[in-house]
Amino acid sequence: MNTYHIHIGGLVQGVGFRPFVCRLAEQMKLCGWVSNGKDGVHIEINASAEEAEVFYNSVVQSPPPNAIISSHLLTQTGEHPFENFVIRNSDNTAQPDLLLTPDLAICKNCRREISEETNKRFEYPFTTCLECGPRYSIVTGLPYDRENTTMSDLKCAAVARLSIIIFITEDITAKPTHVLTAAFPFIYMTIMALKFPMTLKVFY
């Protein structure tokens, strides 16, 4: 099976590009990986020439709503067999060469969720997903990953983990997939409330 590399440049980080690519690869039953880099998004897949072309065109022609693709390239590389498709850790070895993602206004899905009384995010003011929420205002470095944002100091201890389970859909095949920006304000408030019980009236 041949191996192909795809490089996507532009505004492609912090917009749900990696989960989008992963979902597409799983739908097409392709093995490989996707990763953020300082020059965009990189993808490798095991595929036939026809499958690679179909996958490549799908990525380029139907990207996530907030993505802006400024460059894209498909090349065949040396054979590297993969057993599944994964989101790899980001590569930060190169010089930054990509567009910074702006803060995004709340999307219609999140607006609907905070308006539904039966939804677990009903009236939760920090609801965000892969298509909306803070990006530029919290980024401290590139590529766009949690450790390169103002959320990096918050550790996922037991109480934090519980908060993430409550507020985030971790299954990348689900849509919308909720992100850490939705959970971390709740995590911080929970930790503060445990440290200072008198603050419970303020936070809850």
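Each value in this text was obtained by applying a stated rule to the coordinates, not by laboratory testing. Just so you know, these numbers come straight off a predicted model, no measurement behind them. Note: ideal-geometry Cβ built from the backbone for every residue, glycine included; neighbour counts use all protein chains shown.
Residue by residue, what Karplus-based ³J(HN,Hα) values in Hz, rounded to whole numbers, does region 2-14 have, using 6.51, -1.76 and 1.60 with θ = phi - 60° and x for Gly and Pro?
6, 10, 10, 10, 10, 10, 10, x, x, 8, 10, 10, x
Quick one: which residues, 5+ away or cross-chain, put their amide H under 5 Å from the amide H of E131? H built at 1.01 Å from N.
Excluding prolines and chain starts, which carry no amide H, there are no hits.
Using amide H atoms built 1.01 Å from N in the peptide plane, name the residues 5+ places from T149, or on other chains, whose amide H lies under 5 Å from its own.
T140
Please give the charge dipole size of region 102-143, origin at the Cα centre, charges +1 on K and R Cβ atoms and -1 on D and E Cβ atoms. Round to the nearest 20 debye.
Its charge dipole is roughly 80 debye.
Kindly write out, for region 40-52 in residue order, the coupling ³J(HN,Hα) from the Karplus curve 6.51 cos²θ - 1.76 cosθ + 1.60 (θ = phi - 60°), rounded to whole Hz, with x marking Gly and Pro.
Running phi through 6.51 cos²θ - 1.76 cosθ + 1.60 with θ = phi - 60° gives x, 10, 10, 9, 10, 9, 8, 6, 6, 4, 5, 5, 4 Hz.
Residue by residue, what Karplus-based ³J(HN,Hα) values in Hz, rounded to whole numbers, does region 21-33 have, using 6.51, -1.76 and 1.60 with θ = phi - 60° and x for Gly and Pro?
Computed from phi, the couplings for region 21-33 are 5, 5, 4, 5, 4, 5, 5, 8, 6, 9, 9, x, 7 Hz.
Amide H of C31 versus every other amide H placed in the peptide plane: which residues, excluding those fewer than 5 positions away on the same chain, fall under 5 Å?
N46
Report the percentage of all Cα-Cα pairs in region 1-83 whose separation exceeds 18 Å, rounded to a whole percent.
33 percent
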